[in-house]
Amino acid sequence: MADVTETTRIPLDDKRSPEFRLAMGALGGLREDLFHNAFAYRPLPRMDVDRGLTRHLPEGIRAYTGYLPHAAVAWGAFMVFLIGLGAISGTGAMALGIAAIPAGIVLLTLVRPVFAFWASLLATPFIGVIGSPDGWPWSPNGFAAHVLVLTVVAARTRPRTAAWMWAATAGYALFAETFLGIGRTSDSVPLLFVAALALLVVTVLQVRRQAAAEVTAQQSVTAVERSKRTLLEERTTIARELHDVVAHHMSVVAIQAEAAPYRVENPPPELEQAFATIRENAVAALTELRRVLGVVRAEDYEAPDAPQPTLADLDGLIGNVREAGLDVEKTVTGAVRELPQGVELSAYRIVQEALSNVLRHASGASAKVEVSYVLGGLGLRVVNARPAVAMVKPSPGAGHGITGMRERVTMLGGEMDAGQTDSGGYEVTAFIPVPREEAGQ
(Lines give C-alpha, C1' and ligand atoms only; values in the text may rest on other atoms or scores of the structure.)
Protein backbone atom coordinates (compact mmCIF):
# COMPACT_ATOMS: atom_id res chain seq x y z
CA MET A 1 0.00 0.00 0.00
CA ALA A 2 1.53 3.27 -1.12
CA ASP A 3 1.86 6.19 1.27
CA VAL A 4 0.09 9.36 0.17
CA THR A 5 1.71 12.63 1.23
CA GLU A 6 -0.55 15.63 1.44
CA THR A 7 0.91 18.99 0.51
CA THR A 8 -0.47 22.09 2.13
CA ARG A 9 -0.53 25.06 -0.23
CA ILE A 10 -0.29 28.50 1.35
CA PRO A 11 -2.00 31.23 -0.68
CA LEU A 12 0.18 34.11 -1.79
CA ASP A 13 -2.14 36.56 -0.05
CA ASP A 14 -2.00 34.72 3.28
CA LYS A 15 -2.33 37.41 5.97
CA ARG A 16 -1.50 35.16 8.91
CA SER A 17 1.46 36.15 11.07
CA PRO A 18 4.86 34.44 10.79
CA GLU A 19 4.46 33.20 14.36
CA PHE A 20 1.21 31.47 13.46
CA ARG A 21 2.76 29.82 10.42
CA LEU A 22 5.74 28.74 12.54
CA ALA A 23 3.42 27.17 15.11
CA MET A 24 1.47 25.38 12.38
CA GLY A 25 4.71 24.09 10.90
CA ALA A 26 5.78 22.80 14.31
CA LEU A 27 2.46 21.02 14.81
CA GLY A 28 2.83 19.55 11.34
CA GLY A 29 6.25 18.21 12.34
CA LEU A 30 4.76 16.71 15.51
CA ARG A 31 2.05 14.97 13.49
CA GLU A 32 4.56 13.67 10.98
CA ASP A 33 7.04 12.38 13.58
CA LEU A 34 4.80 10.89 16.27
CA PHE A 35 1.37 10.30 14.71
CA HIS A 36 1.86 9.58 11.02
CA ASN A 37 2.48 5.85 10.60
CA ALA A 38 2.87 5.42 14.36
CA PHE A 39 2.01 1.72 13.98
CA ALA A 40 4.39 1.20 11.05
CA TYR A 41 6.40 -2.01 11.07
CA ARG A 42 10.05 -0.99 10.98
CA PRO A 43 12.37 -3.81 12.04
CA LEU A 44 15.78 -2.74 13.25
CA PRO A 45 18.32 -3.49 10.48
CA ARG A 46 21.60 -5.25 11.09
CA MET A 47 24.60 -3.13 11.97
CA ASP A 48 27.17 -2.46 9.26
CA VAL A 49 30.08 -4.71 10.22
CA ASP A 50 32.42 -3.43 7.49
CA ARG A 51 33.20 -0.24 9.38
CA GLY A 52 34.69 0.57 12.75
CA LEU A 53 36.27 -2.02 15.01
CA THR A 54 34.05 -4.87 13.77
CA ARG A 55 35.80 -4.96 10.41
CA HIS A 56 38.91 -6.36 12.13
CA LEU A 57 37.06 -9.38 13.56
CA PRO A 58 37.32 -12.85 11.98
CA GLU A 59 34.76 -13.56 9.27
CA GLY A 60 32.95 -16.21 11.32
CA ILE A 61 32.43 -13.87 14.27
CA ARG A 62 31.81 -10.73 12.24
CA ALA A 63 28.74 -12.28 10.62
CA TYR A 64 26.98 -12.27 13.99
CA THR A 65 28.15 -8.88 15.25
CA GLY A 66 25.54 -7.22 13.04
CA TYR A 67 23.00 -8.17 15.69
CA LEU A 68 24.78 -6.34 18.52
CA PRO A 69 22.15 -3.54 18.63
CA HIS A 70 19.40 -6.16 18.93
CA ALA A 71 21.30 -7.88 21.72
CA ALA A 72 21.82 -4.56 23.54
CA VAL A 73 18.09 -3.78 23.44
CA ALA A 74 17.24 -7.31 24.63
CA TRP A 75 19.73 -6.98 27.48
CA GLY A 76 18.17 -3.65 28.46
CA ALA A 77 14.71 -5.24 28.45
CA PHE A 78 15.97 -8.04 30.69
CA MET A 79 17.44 -5.54 33.16
CA VAL A 80 14.12 -3.66 33.22
CA PHE A 81 12.39 -6.95 33.99
CA LEU A 82 14.76 -7.63 36.90
CA ILE A 83 14.26 -4.10 38.25
CA GLY A 84 10.50 -4.67 38.13
CA LEU A 85 10.73 -7.95 40.03
CA GLY A 86 12.78 -6.33 42.76
CA ALA A 87 10.63 -3.23 43.12
CA ILE A 88 7.07 -4.58 42.80
CA SER A 89 5.46 -5.70 46.03
CA GLY A 90 3.72 -9.04 45.85
CA THR A 91 4.17 -12.25 43.95
CA GLY A 92 2.36 -14.34 41.40
CA ALA A 93 1.13 -13.66 37.90
CA MET A 94 0.23 -10.02 38.63
CA ALA A 95 3.78 -9.19 39.73
CA LEU A 96 5.26 -10.98 36.75
CA GLY A 97 2.89 -9.14 34.41
CA ILE A 98 3.70 -5.73 35.89
CA ALA A 99 7.42 -6.50 35.57
CA ALA A 100 7.09 -7.89 32.05
CA ILE A 101 5.04 -5.08 30.49
CA PRO A 102 7.81 -2.40 30.52
CA ALA A 103 10.35 -4.99 29.38
CA GLY A 104 8.09 -5.96 26.49
CA ILE A 105 7.69 -2.33 25.51
CA VAL A 106 11.48 -2.01 25.32
CA LEU A 107 11.59 -5.03 23.00
CA LEU A 108 8.82 -3.42 20.92
CA THR A 109 11.28 -0.71 19.86
CA LEU A 110 12.96 -3.31 17.64
CA VAL A 111 9.96 -3.49 15.29
CA ARG A 112 7.59 -0.54 15.97
CA PRO A 113 9.65 2.28 17.50
CA VAL A 114 7.10 5.14 17.52
CA PHE A 115 4.33 2.88 18.82
CA ALA A 116 6.69 1.71 21.57
CA PHE A 117 7.07 5.31 22.76
CA TRP A 118 3.31 5.83 23.01
CA ALA A 119 2.88 2.44 24.70
CA SER A 120 5.53 3.34 27.27
CA LEU A 121 3.90 6.69 27.97
CA LEU A 122 0.35 5.31 28.22
CA ALA A 123 1.35 2.34 30.38
CA THR A 124 3.17 4.54 32.89
CA PRO A 125 0.18 5.53 35.13
CA PHE A 126 -1.16 1.98 35.32
CA ILE A 127 2.21 0.54 36.27
CA GLY A 128 2.73 3.40 38.74
CA VAL A 129 -0.59 2.74 40.48
CA ILE A 130 -0.63 -1.05 40.45
CA GLY A 131 3.06 -1.66 40.73
CA SER A 132 5.68 -0.32 43.11
CA PRO A 133 4.64 2.17 45.79
CA ASP A 134 7.93 4.02 45.29
CA GLY A 135 8.05 6.81 42.74
CA TRP A 136 5.38 8.73 40.92
CA PRO A 137 4.40 8.91 38.14
CA TRP A 138 7.14 6.45 37.13
CA SER A 139 7.87 3.25 38.99
CA PRO A 140 11.52 2.14 39.06
CA ASN A 141 11.11 -0.29 36.16
CA GLY A 142 8.89 2.20 34.29
CA PHE A 143 11.55 4.86 34.81
CA ALA A 144 14.28 2.66 33.31
CA ALA A 145 12.02 1.41 30.54
CA HIS A 146 10.96 4.88 29.42
CA VAL A 147 14.54 6.18 29.32
CA LEU A 148 15.57 3.15 27.25
CA VAL A 149 12.60 3.58 24.91
CA LEU A 150 13.39 7.26 24.39
CA THR A 151 17.02 6.46 23.67
CA VAL A 152 16.34 3.62 21.21
CA VAL A 153 13.56 5.46 19.37
CA ALA A 154 15.68 8.62 19.11
CA ALA A 155 18.56 6.58 17.69
CA ARG A 156 16.22 5.07 15.09
CA THR A 157 14.58 8.34 14.03
CA ARG A 158 15.80 11.91 13.63
CA PRO A 159 16.76 14.62 16.14
CA ARG A 160 13.43 16.45 15.77
CA THR A 161 11.58 13.33 16.89
CA ALA A 162 13.73 13.18 20.01
CA ALA A 163 12.72 16.74 20.88
CA TRP A 164 9.02 15.95 20.39
CA MET A 165 9.26 12.81 22.54
CA TRP A 166 10.90 14.73 25.37
CA ALA A 167 8.26 17.46 25.11
CA ALA A 168 5.46 14.87 25.19
CA THR A 169 7.05 13.22 28.20
CA ALA A 170 7.32 16.60 29.97
CA GLY A 171 3.66 17.34 29.14
CA TYR A 172 2.54 14.02 30.58
CA ALA A 173 4.69 14.59 33.71
CA LEU A 174 3.04 17.98 34.25
CA PHE A 175 -0.43 16.47 33.77
CA ALA A 176 0.32 13.59 36.16
CA GLU A 177 1.71 15.92 38.82
CA THR A 178 -1.22 18.31 38.55
CA PHE A 179 -4.25 16.05 38.11
CA LEU A 180 -3.15 12.53 39.04
CA GLY A 181 -0.89 13.21 41.99
CA ILE A 182 -1.58 11.01 44.99
CA GLY A 183 0.92 12.42 47.45
CA ARG A 184 3.86 10.30 46.43
CA THR A 185 7.38 11.56 45.90
CA SER A 186 7.71 12.85 42.35
CA ASP A 187 10.41 11.51 40.07
CA SER A 188 9.45 13.56 37.01
CA VAL A 189 12.38 15.98 37.26
CA PRO A 190 15.02 13.23 37.56
CA LEU A 191 13.49 11.36 34.63
CA LEU A 192 13.34 14.47 32.43
CA PHE A 193 16.93 15.30 33.32
CA VAL A 194 18.25 11.80 32.59
CA ALA A 195 16.15 11.60 29.40
CA ALA A 196 17.47 14.99 28.25
CA LEU A 197 21.06 13.83 28.71
CA ALA A 198 20.43 10.56 26.89
CA LEU A 199 18.62 12.27 24.01
CA LEU A 200 21.32 14.92 23.79
CA VAL A 201 24.04 12.28 23.44
CA VAL A 202 22.02 10.39 20.81
CA THR A 203 21.28 13.59 18.90
CA VAL A 204 24.93 14.65 18.88
CA LEU A 205 25.96 11.22 17.59
CA GLN A 206 23.24 11.35 14.94
CA VAL A 207 24.24 14.81 13.76
CA ARG A 208 27.87 13.76 13.66
CA ARG A 209 27.03 10.60 11.70
CA GLN A 210 24.88 12.54 9.25
CA ALA A 211 27.62 15.15 8.81
CA ALA A 212 30.17 12.41 8.19
CA ALA A 213 27.86 10.78 5.64
CA GLU A 214 27.34 14.12 3.88
CA VAL A 215 31.08 14.77 3.84
CA THR A 216 31.71 11.30 2.43
CA ALA A 217 29.08 11.81 -0.24
CA GLN A 218 30.49 15.22 -1.09
CA GLN A 219 33.99 13.79 -1.27
CA SER A 220 32.75 11.09 -3.64
CA VAL A 221 31.11 13.69 -5.86
CA THR A 222 34.23 15.85 -5.70
CA ALA A 223 36.42 12.87 -6.60
CA VAL A 224 34.24 12.08 -9.61
CA GLU A 225 34.28 15.71 -10.73
CA ARG A 226 38.03 15.90 -10.20
CA SER A 227 38.49 12.72 -12.23
CA LYS A 228 36.38 14.15 -15.06
CA ARG A 229 38.28 17.43 -14.95
CA THR A 230 41.59 15.58 -14.98
CA LEU A 231 40.46 13.54 -17.96
CA LEU A 232 39.47 16.69 -19.83
CA GLU A 233 42.77 18.35 -18.98
CA GLU A 234 44.71 15.33 -20.22
CA ARG A 235 42.68 15.22 -23.41
CA THR A 236 43.28 18.91 -23.91
CA THR A 237 47.03 18.43 -23.49
CA ILE A 238 47.02 15.52 -25.93
CA ALA A 239 44.96 17.52 -28.41
CA ARG A 240 47.40 20.42 -28.24
CA GLU A 241 50.37 18.18 -28.82
CA LEU A 242 48.74 16.32 -31.70
CA HIS A 243 47.58 19.61 -33.18
CA ASP A 244 51.20 20.73 -33.35
CA VAL A 245 52.23 17.39 -34.91
CA VAL A 246 49.49 17.39 -37.54
CA ALA A 247 49.93 21.10 -38.30
CA HIS A 248 53.64 20.52 -38.88
CA HIS A 249 52.97 17.70 -41.33
CA MET A 250 50.30 19.64 -43.20
CA SER A 251 52.66 22.62 -43.48
CA VAL A 252 55.35 20.36 -44.93
CA VAL A 253 52.85 18.96 -47.44
CA ALA A 254 51.82 22.46 -48.54
CA ILE A 255 55.43 23.63 -48.92
CA GLN A 256 56.52 20.55 -50.85
CA ALA A 257 53.47 20.76 -53.12
CA GLU A 258 54.34 24.37 -53.91
CA ALA A 259 58.03 23.63 -54.56
CA ALA A 260 57.58 20.37 -56.49
CA PRO A 261 56.82 21.90 -59.95
CA TYR A 262 60.08 23.83 -59.85
CA ARG A 263 62.08 20.63 -59.48
CA VAL A 264 60.84 19.31 -62.82
CA GLU A 265 62.02 20.87 -66.07
CA ASN A 266 59.11 21.98 -68.20
CA PRO A 267 56.40 20.27 -66.11
CA PRO A 268 53.15 19.58 -67.94
CA PRO A 269 50.18 21.80 -67.01
CA GLU A 270 48.32 18.81 -65.58
CA LEU A 271 51.16 18.20 -63.09
CA GLU A 272 51.28 21.85 -62.06
CA GLN A 273 47.54 21.85 -61.58
CA ALA A 274 47.71 18.66 -59.50
CA PHE A 275 50.38 20.12 -57.19
CA ALA A 276 48.42 23.37 -56.93
CA THR A 277 45.35 21.41 -55.91
CA ILE A 278 47.36 19.47 -53.34
CA ARG A 279 48.70 22.71 -51.87
CA GLU A 280 45.26 24.32 -51.77
CA ASN A 281 43.77 21.30 -50.01
CA ALA A 282 46.65 21.17 -47.54
CA VAL A 283 46.32 24.87 -46.72
CA ALA A 284 42.53 24.51 -46.38
CA ALA A 285 42.90 21.48 -44.12
CA LEU A 286 45.48 23.30 -42.03
CA THR A 287 43.17 26.31 -41.70
CA GLU A 288 40.23 24.14 -40.62
CA LEU A 289 42.44 22.21 -38.22
CA ARG A 290 43.60 25.39 -36.53
CA ARG A 291 40.04 26.70 -36.41
CA VAL A 292 38.59 23.54 -34.84
CA LEU A 293 41.40 22.62 -32.47
CA GLY A 294 42.29 26.20 -31.59
CA VAL A 295 39.59 26.15 -28.90
CA VAL A 296 41.65 23.74 -26.82
CA ARG A 297 44.50 26.20 -26.47
CA ALA A 298 44.69 28.27 -23.35
CA GLU A 299 45.05 31.99 -23.72
CA ASP A 300 48.62 31.86 -22.46
CA TYR A 301 49.55 28.73 -24.42
CA GLU A 302 52.48 29.01 -26.78
CA ALA A 303 53.39 26.32 -29.27
CA PRO A 304 56.80 24.80 -28.55
CA ASP A 305 59.66 26.03 -30.70
CA ALA A 306 61.41 22.65 -30.70
CA PRO A 307 59.88 19.58 -32.36
CA GLN A 308 57.79 17.29 -30.18
CA PRO A 309 59.89 14.53 -28.54
CA THR A 310 60.03 11.00 -29.94
CA LEU A 311 61.43 7.65 -28.83
CA ALA A 312 64.81 8.76 -30.18
CA ASP A 313 64.92 11.28 -27.33
CA LEU A 314 64.55 8.63 -24.61
CA ASP A 315 68.29 8.55 -23.97
CA GLY A 316 68.24 12.24 -23.04
CA LEU A 317 65.24 11.69 -20.78
CA ILE A 318 66.86 8.74 -19.05
CA GLY A 319 70.06 10.73 -18.63
CA ASN A 320 68.17 13.51 -16.86
CA VAL A 321 66.46 10.99 -14.60
CA ARG A 322 69.80 9.40 -13.72
CA GLU A 323 71.14 12.80 -12.75
CA ALA A 324 68.16 13.08 -10.38
CA GLY A 325 69.39 9.96 -8.57
CA LEU A 326 67.38 7.17 -10.19
CA ASP A 327 69.21 4.14 -11.57
CA VAL A 328 67.53 3.39 -14.90
CA GLU A 329 68.26 0.56 -17.32
CA LYS A 330 66.97 0.80 -20.89
CA THR A 331 66.36 -2.19 -23.15
CA VAL A 332 65.23 -2.07 -26.77
CA THR A 333 64.09 -5.23 -28.53
CA GLY A 334 62.93 -5.82 -32.09
CA ALA A 335 63.74 -3.98 -35.26
CA VAL A 336 63.85 -0.27 -34.53
CA ARG A 337 61.81 1.63 -37.10
CA GLU A 338 60.17 4.99 -37.49
CA LEU A 339 56.57 5.07 -36.20
CA PRO A 340 53.84 7.67 -36.68
CA GLN A 341 54.77 10.81 -34.80
CA GLY A 342 51.64 10.64 -32.62
CA VAL A 343 52.65 7.16 -31.48
CA GLU A 344 56.23 8.26 -30.84
CA LEU A 345 55.10 11.28 -28.87
CA SER A 346 52.61 9.31 -26.74
CA ALA A 347 55.16 6.57 -26.06
CA TYR A 348 57.72 9.15 -24.95
CA ARG A 349 55.19 10.82 -22.64
CA ILE A 350 54.17 7.48 -21.11
CA VAL A 351 57.77 6.61 -20.27
CA GLN A 352 58.37 10.13 -18.98
CA GLU A 353 55.36 10.02 -16.64
CA ALA A 354 56.17 6.50 -15.43
CA LEU A 355 59.72 7.52 -14.50
CA SER A 356 58.41 10.65 -12.81
CA ASN A 357 56.13 8.45 -10.70
CA VAL A 358 59.12 6.34 -9.70
CA LEU A 359 60.97 9.46 -8.56
CA ARG A 360 57.94 10.63 -6.55
CA HIS A 361 56.84 7.37 -4.96
CA ALA A 362 59.95 5.11 -4.90
CA SER A 363 62.93 7.36 -4.49
CA GLY A 364 66.12 5.30 -4.24
CA ALA A 365 64.77 2.37 -6.25
CA SER A 366 66.05 1.11 -9.59
CA ALA A 367 63.91 1.12 -12.71
CA LYS A 368 63.85 -0.66 -16.06
CA VAL A 369 62.52 0.73 -19.33
CA GLU A 370 61.75 -1.78 -22.05
CA VAL A 371 60.77 -0.72 -25.58
CA SER A 372 59.68 -3.55 -27.86
CA TYR A 373 59.19 -3.10 -31.59
CA VAL A 374 56.89 -5.93 -32.61
CA LEU A 375 55.13 -6.73 -35.84
CA GLY A 376 51.78 -5.28 -34.85
CA GLY A 377 52.86 -2.24 -32.88
CA LEU A 378 54.94 -0.97 -29.98
CA GLY A 379 55.24 -2.43 -26.50
CA LEU A 380 56.32 -0.41 -23.45
CA ARG A 381 57.20 -1.60 -19.96
CA VAL A 382 58.45 0.50 -17.07
CA VAL A 383 59.01 -1.34 -13.80
CA ASN A 384 60.73 -0.32 -10.60
CA ALA A 385 61.93 -2.39 -7.70
CA ARG A 386 60.89 -1.74 -4.13
CA PRO A 387 63.34 0.71 -2.54
CA ALA A 388 65.38 -0.78 0.28
CA VAL A 389 65.62 2.55 2.07
CA ALA A 390 63.61 5.59 1.04
CA MET A 391 66.07 8.35 0.29
CA VAL A 392 63.42 11.04 0.10
CA LYS A 393 59.95 11.17 1.61
CA PRO A 394 57.44 10.07 -1.08
CA SER A 395 55.56 12.85 -2.82
CA PRO A 396 52.00 11.73 -3.60
CA GLY A 397 51.50 14.20 -6.44
CA ALA A 398 48.11 14.97 -7.95
CA GLY A 399 47.31 11.40 -9.01
CA HIS A 400 46.81 12.38 -12.65
CA GLY A 401 49.73 10.48 -14.17
CA ILE A 402 48.03 7.11 -14.62
CA THR A 403 44.95 8.84 -16.02
CA GLY A 404 47.02 10.67 -18.62
CA MET A 405 48.93 7.57 -19.66
CA ARG A 406 45.76 5.51 -19.96
CA GLU A 407 44.07 8.23 -21.99
CA ARG A 408 46.95 8.38 -24.45
CA VAL A 409 46.94 4.62 -24.93
CA THR A 410 43.16 4.49 -25.29
CA MET A 411 43.24 7.28 -27.87
CA LEU A 412 45.59 5.18 -30.01
CA GLY A 413 43.48 2.04 -29.62
CA GLY A 414 45.95 0.30 -27.30
CA GLU A 415 45.87 -1.38 -23.92
CA MET A 416 47.55 -0.50 -20.65
CA ASP A 417 47.96 -2.09 -17.23
CA ALA A 418 49.41 -0.56 -14.09
CA GLY A 419 49.79 -2.09 -10.65
CA GLN A 420 52.07 -3.44 -7.97
CA THR A 421 54.41 -6.35 -8.64
CA ASP A 422 54.83 -9.41 -6.44
CA SER A 423 58.11 -8.03 -5.13
CA GLY A 424 56.51 -4.81 -3.91
CA GLY A 425 57.49 -2.58 -6.82
CA TYR A 426 55.30 -1.04 -9.48
CA GLU A 427 54.88 -1.85 -13.15
CA VAL A 428 53.36 -0.02 -16.11
CA THR A 429 52.86 -1.93 -19.35
CA ALA A 430 51.30 -0.64 -22.55
CA PHE A 431 50.82 -1.84 -26.09
CA ILE A 432 50.12 0.61 -28.91
CA PRO A 433 49.01 -1.00 -32.16
CA VAL A 434 50.56 0.35 -35.37
CA PRO A 435 49.19 -0.89 -38.72
CA ARG A 436 51.84 -2.12 -41.09
CA GLU A 437 51.03 0.55 -43.67
CA GLU A 438 51.64 3.31 -41.10
CA ALA A 439 54.98 1.99 -39.89
CA GLY A 440 57.98 3.73 -41.39
CA GLN A 441 56.05 6.87 -42.34
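The values are calculated or read from the model by the stated rules, or taken from the named source; none is laboratory data. Since the model is a prediction, treat every value here as computed from it, not as a measurement. Because the Cβ atoms are built from the backbone with ideal geometry, glycine has one as well, and the counts that use them run over all protein chains shown. Surface areas here come from the heavy atoms of the whole protein model, side chains and all, with no ligands, DNA or RNA. Shrake-Rupley method; radii C 1.70, N 1.55, O 1.52, S 1.80 Å.
Miscellaneous remarks
- T237-A312 FRET efficiency (beta carbon distance; Förster radius 30 Å; 0.05 resolution): 0.90
- S366 accessible area, 1.4 Å probe, all protein chains in place, Å² to nearest 10: 50 Å²
- FRET efficiency, 1/(1 + (r/R0)^6) with R0 41 Å, evaluated for F126 and R46 via beta carbons: 0.75
- W75-T216 pseudo-label distance in nm [points 7 Å out on the Cα-to-Cβ vector]: 2.5 nm
- Label-to-label distance, A223 versus L192, with points set 7 angstrom from Cα along the beta-carbon direction: 4.8 nm.
- A simple spin-label model places the labels of T403 and K330 3.0 nm from each other, with each point 7 Å out along Cα-to-Cβ.
- Computed extension gain for E415 through L174, at 0.36 nm per residue and net of the alpha carbon distance, reaches 79.3 nm.
- Under the convention that each Lys and Arg Cβ holds +1 and each Asp and Glu Cβ holds -1, the size of the dipole of the range 151-210 around its Cα centre is about 400 debye.
- Between T54 and R158, the FRET efficiency from the beta-carbon distance, with R0 = 22 Å, is close to 0.35.
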